[in-house]
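Contents: one structure, followed by commentary.
The values are calculated or read from the model by the stated rules, or taken from the named source; none is laboratory data. Just so it is clear, the structure is predicted and the values come from calculations on it, not from any experiment. Cβ placement follows ideal geometry from the backbone for every residue including glycine, while neighbour counts extend to all protein chains displayed. Note: areas computed on protein heavy atoms with side chains; ligands, DNA, RNA excluded. Shrake-Rupley method; radii C 1.70, N 1.55, O 1.52, S 1.80 Å.
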Amino acid sequence: MRSVPTSDIARAVVPDPDGGGGTVGVDPDIIPQDLLRKYTEYARVNVRPVLRGSTFDQEKIASLYVALRRESSSSGGVPIAVRHIESIMRMSEAHAKMHLREYVRDDDMDASITMMLHSFIMAQKFSGRRSFQRSFAKFLSSREDKAHLL
């Protein structure tokens with residue numbers, strides 16, 4: 001496996017796999033670095049997503065908090081506090097900002113819950129991970145962003 005210099009990645013040039021020294025072409029999945037920089041700057045300056053109660057499932061957050069507190073106290077793990085729920089809300093706002101949305105949607109909240117739960121499960125002992133995955137399976141959504149279908 002050969003490494004690709006950063007400048008080639010920035011130009012989205014893919015090296016020839018035959019080792020001939022040439023290039024195959026431009027990979028359409030690689031975003032040019034200057035465009036990505038402009039996108040993040042625009043999102044940072046202009047987008048402020050609002051977290052409203054009507055745009056996400058508050059009961060899901062409440063039941064997640066109760067389940068996390070119960071599991072963490074029974075397993076002797078890291079105690080779960082309100083700050084963990086606040087971090088889920090901040091992550092969902094960041095996810096909405098990445099998509100340039102005005103409001104936080106359910107899929108933003110699901111992405112942040114999934115990220116936090118994966119982190120929580122991976123921090124547990126190896127022997128208890130499977131039981132945690134089963135107990136939090138209803139919160140771990142594998143849904144992807146369906147906006148591309150619209």
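Quick notes on this structure:
- One residue stands out in region 67-86 among those that are more than 19 Å from the chain's Cα centre (by Cα) and open to solvent by 80 Å² or more (accessible area, probe 1.4 Å): the one that is farthest from Arg105 (Cα to Cα), namely Ser74.
- Counted residues, region 87-114 - those being at pLDDT below 90 and open to solvent by 70 Å² or more (accessible area, probe 1.4 Å): 1
- Residue match in region 4-24 (condition: under 18 Å from the mean Cα position of the chain (by Cα), surrounded by 10 or more Cβ atoms within 10 Å (Cβ to Cβ), in a helix (DSSP H, G or I) and at pLDDT below 90): no
- Ser63 being modelled with pLDDT of 90 or more, under 30 Å from Ser131 (Cβ atoms) and under 21 Å from the mean Cα position of the chain (by Cα): no
- Number of residues in region 45-58 that are surrounded by fewer than 10 Cβ atoms within 10 Å (Cβ to Cβ) and at pLDDT 85 or above: the value is 2.
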